[in-house]
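Here is the structure we will look at.
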Amino acid sequence: MIKKIDRYIISRLFVITIFMLLMLIVIFIIFDFSENSEDFTDKGAAFAEIFGVYYLNYIPEIIRLIIPVAVFIACLYLTGQMTERLEIVALKAAGVSLYRLLLPYLIFGFIITGITSYMDGYLIPDANKKRIAFESKYLQGKSEKVDNNQLFRQESDQTIFKIGFFNADENTGHRVDATTFAGDSIRETMYIQRMIWKEQEQLWKLESVDKRIMTPLGYEHVYVDSMDTTLNIYPRDLARTTSDIYQLTYPKAREYIQAIERSGAGNVESPKVQLYGRYAYPFSIIVVIIVGFSLASVRREGGKGFYIAAGLGVSFLYLALMKVIEPFGGTGEIPPLLAAVLPHLFFLLLGLGALFRARK
């Protein structure tokens with residue numbers, strides 16, 4: 001049963017977190033606009049587009065990124081305030097253990113974690129798609145293509161496609177070689193001048209198809225001017241960018257990774273790390289609550305100055321560790337899942353250790 005003190009802590013955490021979110025969002029937008037304003041004006045972006053399209057669709061992603069920081073500051077501020085007023089000492093004297101006092105913080109943390117995870121999995125990707133489309137149109141240096149030349153994709157166990165160039169804007173492949181094997185021997189080859197994706201029919205239109213079918217006496221030559229066909233290759237398998245995972249819902253992101261593996265494309269570890277990181281990131285809210293509560297529940301010299309310094313220091317180290325470890329998972333040097341969860345596990349252990357020390 002939630003008692004009065006629990007309701008007080010949860011409500012205060014909500015209020016402080018929302019206040020911090022609003023402040024951080026405004027600061028984030030101001031800095032981002034000051035950095036990109038010249039590009040906006042040079043490319044002719046209208047004021048209504050900048051704030052009505054770009055920043056309106058950027059805000060959900062900003063919230064996802066900064067909500068652990070906002071919760072951490074709220075936890076430090078509220079707990080530090082209770083510590084300075086000797087309220088925690090009084091609660092301990094009344095028989096309330098530090099572990100029991102942590103309960104409303106954890107309830108709040110799991111609520112925010114659930115909301116953040118749902119937003120990240122099903123609401124934010126659509127906003128990210130619109131934001132990234134705006135960036136590619138109006139911001140310089142935002143090209144995120146992983147590759148678009150000399151692409152090799154495995155269409156099936158027997159067939160390999162080599163695409164000379166893929167135009168992601170038009171969903172069109174040029175100078176395509178397709179080789180089909182029968183055991184260790186080549187059964188058929190095709191040279192395709194162009195392959196065009198037809199979105200409504202969900203199939204490819206192949207143009208200027210030069211086909212050679214192998215026979216015991218040589219080969220049979222067949223030329224086809226145009227043909228429609230279904231392939232186990234989709235535009236998303238060819239037009240990969242570093243932000244693809246962040247534009248897809250959780251189910252679509254899993255399908256995307258399966259498609260990459262099925263097509264035989266390389267560098268599948270990087271999107272895996274990104275997806276696992278998306279799964280794990282909301283749980284950083286639980287971690288920072290434990291760390292913040294443990295740091296602020298003990299009265300320390302420096303008062304509020306200590307809490308501010310601790311908040312900034314821990315937030316910086318947390319984000320730095322995530323950025324340092326992620327590339328190792330992307331290159332396959334460590335498993336992608338481990339790369340995604342290791343920073344959270346590390347700080348969770350630190351938080352639990354600090355909580356045990358604070359209990360004494």
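The values are calculated or read from the model by the stated rules, or taken from the named source; none is laboratory data. Here the structure is a predicted model, which means the values were calculated and not measured. Cβ atoms come from the backbone with ideal geometry, glycine included; neighbour counts cover every protein chain shown. Only protein heavy atoms, including side chains, enter the accessible area calculation; ligands, DNA and RNA are left aside. Shrake-Rupley method; radii C 1.70, N 1.55, O 1.52, S 1.80 Å.
State the extension gain, in nm to one decimal, for the chain segment bounded by HIS221 and VAL15, taking 0.36 nm per residue of separation less the distance between their alpha-carbons. Kindly include the intermediate steps, with their values, before the conclusion.
Numbers: separation 206, 0.36 × 206 = 74.16 nm, distance 7.36 nm.
Between HIS221 and VAL15, full extension yields 66.8 nm more.
In the structure shown, do any of LYS162/LYS205; LYS43/LYS198; LYS137/LYS205; LYS129/LYS198; LYS3/LYS92 have a Cα-Cα gap over 23 Å, and if so which? Numbers along the way, then the final one.
Numbers: LYS162/LYS205 16 Å; LYS43/LYS198 31 Å; LYS137/LYS205 28 Å; LYS129/LYS198 21 Å; LYS3/LYS92 16 Å.
Checking Cα-Cα distances, LYS43/LYS198; LYS137/LYS205 exceed 23 Å.
Please give every one of the aspartates and glutamates within straight-line cross-link reach of LYS323, meaning a C-alpha to C-alpha distance under 12 Å, and leave out same-chain neighbours fewer than 8 residues apart.
Correct list for LYS323: empty, as no aspartates and glutamates qualify.
For HIS174, what accessible area in Å² do you get when you roll a 1.4 Å probe over the heavy atoms of the protein chains, rounding to the nearest 10?
50
Between rounded, prolate and oblate, where does the chain land on the alpha carbon gyration tensor, with a ≥ b ≥ c its root eigenvalues, rounded for a/c under 1.5, else prolate if a/b exceeds b/c? Before the final figure, lay out each step's value.
Working: a/c = 3.42, a/b = 2.27, b/c = 1.51.
In terms of gyration-tensor shape, prolate.
Distance between the C-alpha centers of the range 191-237 and the range 1-44? Whole Å please.
Taking the Cα centre of the range 1-44 as reference, the centre of the range 191-237 is 52 Å away.
How far is helix 304-330 tilted off the main Cα axis of the chain, in degrees rounded to 10, range 0 to 90?
20
How much of PHE356 can a 1.4 Å solvent probe reach, expressed as accessible area in Å² and rounded to 10?
Probe radius 1.4 Å; accessible area of PHE356 about 100 Å².
So for each of 36-42, 307-313, 58-64, 68-74 I average, over its residues, the number of other beta carbons within 10 Å; can you give me the resulting order with the highest mean first?
On the way: 36-42: 13.6, 307-313: 16.1, 58-64: 18.7, 68-74: 24.7.
Order by mean packing, descending: 68-74, 58-64, 307-313, 36-42.
In terms of the Cα gyration tensor, with a ≥ b ≥ c the square roots of its eigenvalues, is the range 134-231 rounded because a/c is under 1.5, prolate because a/b exceeds b/c, or oblate?
Working: a/c = 2.79, a/b = 2.04, b/c = 1.37.
It is prolate, given that a/c is not under 1.5 and a/b is the larger ratio.
Of all the accessible heavy-atom surface of the chain, with the other protein chains kept in place and a 1.4 Å probe, what percent is carbon and sulfur? Could the numbers behind the result be given before it?
Working: 11690 of 18970 Å².
Taking all protein chains in place, the chain shows 62 percent carbon and sulfur surface.
With contacts defined as alpha carbon pairs under 8 Å and 6 or more residues apart, what's the relative contact order of the range 196-268 in percent? Show your work: numbers first, answer last.
Numbers: 68 pairs, mean separation 16.4, N = 73.
Reported as a whole number, the value is 22 percent.
Run the numbers on the chain and let me know its relative contact order in percent, using alpha-carbon pairs under 8 Å that are six or more apart. Spell out each step's value before the answer.
On the way: 508 pairs, mean separation 64.4, N = 360.
18 percent.
If you count only protein heavy atoms and use a 1.4 Å probe, how large is the accessible surface of GLU35, to the nearest 10 Å²?
Approximately 140 Å² for this residue.
Let me make sure I get this right: for the range 305-360, a, b and c are the square roots of the gyration tensor eigenvalues over alpha carbons, sorted descending. Under 1.5 in a/c it's rounded, otherwise prolate if a/b > b/c, else oblate. Which is it?
On the way: a/c = 5.58, a/b = 1.80, b/c = 3.10.
Judged from the Cα gyration tensor, the range 305-360 comes out oblate (a/c at least 1.5, b/c at or above a/b).
Only Cα pairs under 8 Å and at least 6 apart count here; give the relative contact order of the range 248-360 as a rounded whole percent. Intermediate results must be reported in sequence, preceding the final value.
Details: 98 pairs, mean separation 46.1, N = 113.
Averaging sequence separation for qualifying contacts and normalising by length gives 41 percent for the range 248-360.
By how many degrees, between 0 and 90 and to the nearest 10, does the Cα long axis of helix 98-118 differ from the longest principal axis of the chain?
Between helix and principal axis, roughly 30 degrees.
Got a sec? What order do THR215, THR230 fall in by accessible area at 1.4 Å, biggest, i.e. largest, first? Numbers along the way, then the final one.
Values: THR215 60, THR230 100 Å².
Sorted by accessible area, descending: THR230, THR215.
So what's the gap between the Cα centers of the range 299-360 and the range 71-137, to the nearest angstrom?
16
Could you give the angle, 0 to 90 degrees to the nearest 10, between helix 250-263's Cα long axis and the longest principal axis of the Cα atoms of the chain?
Between the helix axis and the principal axis of the chain, the angle is about 40 degrees.
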